[in-house]
Every structure is written in C-alpha cells, then in structure tokens.
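Visitor: Before I ask anything, let me first share the structure, which is written out below as structure tokens.
Bear in mind that the values in this text are calculations on the coordinates, not laboratory data. Bear in mind the structure is a predicted one, so any value in this text is a computation, not a measurement. Cβ coordinates were reconstructed from backbone atoms using ideal geometry, including for glycine residues, and neighbour counts include every protein chain displayed.
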Amino acid sequence: MFNKKCSWILALILIVLVGMKPIRTQAACKNAAKTSQFVFTVPGGGISSAEIYVNYTEYYSKIDSYSTYNKREVYYAYKMTGATVKPTFSFFSNINARHESKSGSVIHRFANWTKVNSIVDGKWDAGGCYKNGYSNNYAASSKCKGKVSYSVMCTGANVPIRSDTVTVNLY
Amino acid sequence: MKKISVIIICLVALCGMTFVVSKANVSDLGKWGDYLSNISKENPGNGKYSVVLDGTLKDIHVEFKDIYESGEDALITNDSIEKAEKYYVSAGVSEKKAHIEAIKYVEEEQALYVKAISEGYDVNEKEIDEYVDNMKDTVNSAENKEDIKKVIDEFDSEDAFWDYQRIVAKTDLPIINYTKALEKQYRKEHVNDEDVDEGWNKEYESIKSKLVKEQKYKKVRLSRDIKNAFVVN
C-alpha cells in the first residue's frame, strides 16, 4: 500500500516537473533620438533659434509574444539663441509622452515623472532626464507605438510654436 | 440628399478657410520682410542725440523729433517703436495692442542692451561676423527654414538680408552673451530644482521688468526731458 501511494505521489511529482517549461523572458529596451532646429523672426528684425535633442527609451521584458513596457526615460537637451525674445522650453510644459494604438488613438498618456540625475554636454545650454514607471502589456501583433512630442515656444514671434515627435515602435 | 449637400458645402468652406489662414501667415512674413528690406536701405541720421550712453550703438545719432521716450541710459526712438509695431501687426495683433507690445519690447531691449554693455559684453566686428555665419547655418538646417526664406526673398539679395542681420546683431549679441551668463549662474544655483527650466524662464521675465524699471523711461515732449549726457559733442 505504501508503495502504491508513494508511486502515485512520485509519478505526480515527475509529471509536474516534466510538464513545467522554463519561461523565457528577455529584458531589453527600445530607443529613438532626434535633434531638431527651429528659427523664429522677432520684433527687433533679428532671428531667434532653438536646437532641441530628445532621446526616448522604453524598457520592457518579453514573455513569448507579449512585452511589458514598465519604464521609460526621456532625456532632453537644448540650446536657445535669442536676445529680448528667446525660445523657451521646459519638460513639464512642453513634453507630451504617450502610447498609441496602431490606429493612432491614445492608450495611455504619461503624467507622473521623476527627475533623474543626468549630465548635459557643454554644447547645450541645458537639459535633463525624467523617468516614468507606468506598466502596460502589448502583443507583438498590436503594432503599438510610444511617442514623445515636444514643442518649443517663442512668445512674441510671428509663428510662436514649433513642434516635433520622437517615435518608438512597441513591437 | 439635402443633408449631404449641406455637409459637402460646410467641408468645402472649412477647407477654404484653412487655405486662407495659411496663406495669411505666408504673406505676413513677406510683408515683414518687405518692411525690413526698406528700412535697411535708410541712411543713419546725423542728429544731436546719441541713442545710448555707451557701447557700439553710441554711434547712432537721432534728432529730437525722432525720440519717443528717454531713460537713464537709453533713448527709445519712434523708428524702433514703429518697427516692432509693424512686426506685431504682421503677426495678427490689433494695432492698439501692437503699439503697447512694441513699447514693452523696445524698452526691454534697450534696458537689456545698456546693462549688457555696463557688464562688459560689447562685441566687435569679428564676433558679429561669426554670429551671423552661425545663424546662416542654423537657418539652412532648420525644420522651418522656409519661414526665414520668405523674409529673405523680400530683400534685393540674400547678402543684403545678412548685411542687415549684422546691423541687428550689434544690439542682439551683447544681450545674448549677457543673458547666457545670467542663465548659467541661475542653473548652477538651482541645479536641484524640480523644474529649473521653468524657473529660469520666469526669472528672465523678472530681470527684464527690473531693468526697465531702473531706466525710468519717460515720454519726451521737450528737450529738457532728455539728459545732457545724450547730447553728441
């Protein structure tokens, strides 16, 4: 009787052990970066200009055909040239980061950002880095995208706002 | 069928309005360029008064009738107000508001200029040439370079436009160099602020207001409204 019981338990354990497949996960990141320049006419007759660099990274882990995007960082740097009227830029006022579906509808807009220590190259006037830890899963077939749009304003300029977008494919 | 016709008419009207608005922006930059081209050909006057007490702009002399306001270290001319007014009107601002904005802009510009000069930020011809050359490269690389091209197209030649920019740079470059130094200092002192960019933007506006107050600008009606220091010897 002992042997029969033990045999059954052993068999059960063996079935569970053999049936358990190791789950393959990958931790990785997707990244896109862009530098754009904009120029503005100003009342004194001169020109003000803005050069903006944005580097956008999505961190994810992949389980089979699903990916969990659980962290993102946006690093930016800029150089503004202008006298009385100059272009302005600030992360919280001018950056719009979100995930979009294949059709372009917004799945989630990222609002809670934490400042990250960063170094800004001497070429730039200023810059910074912010991170966000919101998590979302996407199937590879979903063709979702991560987008960071930014605008630069030159109040008093003839055409005061210019903008651009950096895109990362989440598939 | 009637409903569909109404929808189609509305869509066509909307498209037409969009085209008109876009066209307005295009032609306004052209108007601005045309105005700049005309004033760039005017000869500087040989008036009795210097517009500033120090710096390269000290060589600009105007007559009493050309002066709008007098400050501690700078004179505001009617021409500078008119130029800024034309700009704001071309940007779609009403004439009344354009006049107010123009006065504010020119007062700030002159106050910043005299402060920059007093802090040692005057510039020479070589620095101006370098600044304008860098500006040319920036314009040619810009996402919206067509905006500036519309202004350039109104000048007799592209070289004429950049020659005019050299004149503007005599005012702008000292201000740019001075305010960049202020910004660098501000960022060093506020490195741990959550939004140091926004902090600096507000600080810059505050600096401009303070400098304008220090100039104590007054409308000029009589020659005694202008300090003797401005009289050219």
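Visitor: Would you mind calculating the gained length between B:Ser141 and B:Ser94 on full extension (0.36 nm times residue separation, minus the Cα-Cα distance), in nm to one decimal?
Guide: Separation in residues times 0.36 nm, less the Cα-Cα distance, equals 13.6 nm.
Visitor: Right, another one. Relative to the longest principal axis of chain B, what angle (0 to 90°, nearest 10) does the C-alpha long axis of helix B:125-141 take?
Guide: Approximately 10 degrees, to the nearest ten.
Visitor: Measure nothing but the geometry: give the 0 to 90° angle between the long axis through the Cα atoms of B:2-40 and the longest principal axis through the Cα atoms of chain B, rounded to 10°.
Guide: Helix B:2-40 and the main axis of chain B meet at about 20 degrees.
Visitor: At a Förster radius of 60 Å, what calculated FRET efficiency corresponds to the Cβ-Cβ distance of A:Thr165 and B:His61, to the nearest 0.05?
Guide: 0.75
Visitor: Could you put B:Trp32, A:Trp8, A:Trp124 in order, starting from the residue whose Cβ has the fewest other Cβ atoms within 10 Å?
Guide: Ordered by Cβ neighbours within 10 Å, fewest first: A:Trp8, A:Trp124, B:Trp32.
Visitor: Take B:Ile117, A:Ile13 and order them by how many other Cβ atoms sit within 10 Å, fewest up front.
Guide: The most exposed by this proxy come first: A:Ile13, B:Ile117.
Visitor: Across 10 Å bins from 0, what is the distribution of all Cα-Cα pair distances for the range A:24-143, in whole percents?
Guide: 12, 35, 29, 17, 6, 1, 0
Visitor: Next up: Pull up the cross-link candidates among the aspartates and glutamates for B:Lys58, meaning alpha carbon to alpha carbon under 12 Å and not fewer than 8 places away within one chain.
Guide: B:Asp73, B:Asp122
Visitor: Can you tell me the convex hull volume per residue for chain B, based on C-alpha atoms, in Å³ to the nearest whole number?
Guide: Considering the Cα atoms of chain B, their hull volume per residue is 188 Å³.
Visitor: With everything on Cα atoms, drop me the angle between helix A:2-19 and the longest principal axis of chain A, reported from 0 to 90° to the nearest 10.
Guide: Here the helix axis deviates by roughly 30 degrees.
Visitor: Right, here's the next one. Of B:Val132, B:Ala142, B:Trp162, which is farthest towards the positive pole of the range B:124-164's charge dipole, taken about the Cα centre with +1 and -1 on the beta-carbons of Lys, Arg and Asp, Glu respectively?
Guide: Sorting the options by dipole projection puts first B:Ala142.
Visitor: So, in nm, how far is label B:Asp195 from label A:Thr155 when the simple model puts each one 7 Å beyond its Cα toward the Cβ?
Guide: Spacing of the two 7 Å Cα→Cβ label points: 1.3 nm.
Visitor: Go through the range B:179-233 and name the GluC sites (Glu not before Pro) that are in a DSSP coil and have 15 or fewer other Cβ atoms within 10 Å of their Cβ.
Guide: Listed in order of number, the matching sites are B:Glu194.
Visitor: Next question. Cut-off 10 angstrom, C-alpha nodes, Gaussian network model of chain B. Which of B:Tyr113, B:Tyr131, B:Tyr68 fluctuates the most?
Guide: Fluctuation is largest for B:Tyr131.
Visitor: Which one of A:Gly104, A:Gly45, A:Gly133 has the biggest mean-square fluctuation once chain A is modelled by GNM with Cα springs under 10 Å?
Guide: Comparing A:Gly104, A:Gly45, A:Gly133 in a Gaussian network model of chain A, the most mobile one is A:Gly45.
Visitor: Follow-up. Which value, in debye to the nearest 20, describes the size of the charge dipole of the range A:92-134 about its Cα centre when Lys and Arg Cβ atoms bear +1, Asp and Glu Cβ atoms bear -1, and nothing else is charged?
Guide: 160 debye
Visitor: I would also like to ask the following. Can you give the charge dipole size of the protein assembly as shown about its Cα centre, rounded to the nearest 20 debye, using +1 on the beta carbon of Lys and Arg and -1 on the beta carbon of Asp and Glu?
Guide: Here the size comes out at about 2880 debye.
Visitor: Among B:Val196, B:Leu173, B:Ile100, flag the residue with its Cα farthest along the positive direction of the charge dipole of chain B, charges on Cβ as +1 for Lys/Arg and -1 for Asp/Glu.
Guide: With unit charges placed on the Cβ atoms, the residue in question is B:Ile100.
Visitor: Then there is this: Output the direction-averaged projected area (hull surface divided by four) of the convex hull of the alpha-carbon atoms of the range A:86-171, in nm².
Guide: That works out to 7.2 nm², a quarter of the Cα hull's surface.
Visitor: Can you sort B:Arg224, B:Arg166, A:Arg162, B:Arg187 so the residue with the fewest Cβ neighbours within 10 Å comes first?
Guide: B:Arg224, B:Arg166, B:Arg187, A:Arg162
Visitor: In nm, give the distance between the simple-model label positions of A:Tyr66 and A:Ser118, each being 7 Å from the Cα along the Cα-to-Cβ direction.
Guide: 3.1 nm
Visitor: Taking chain A as a Gaussian network, Cα atoms linked when under 10 Å apart, which of A:Val54, A:Val106, A:Val74 shows the biggest mean-square fluctuation?
Guide: A:Val106
Visitor: Another question, if that's okay. If you place +1 on the Cβ of every Lys and Arg, -1 on the Cβ of every Asp and Glu, and leave all else neutral, what size is the dipole of chain A about its Cα centre, to the nearest 20 Debye?
Guide: 720 debye
Visitor: Sticking with this one: Work out the charge dipole of chain A with +1 on the Cβ of Lys and Arg and -1 on the Cβ of Asp and Glu about the Cα centre, then indicate which of A:Ser48, A:Phe92, A:Gln37 is farthest towards its positive end.
Guide: Of the options given, the answer is A:Phe92.
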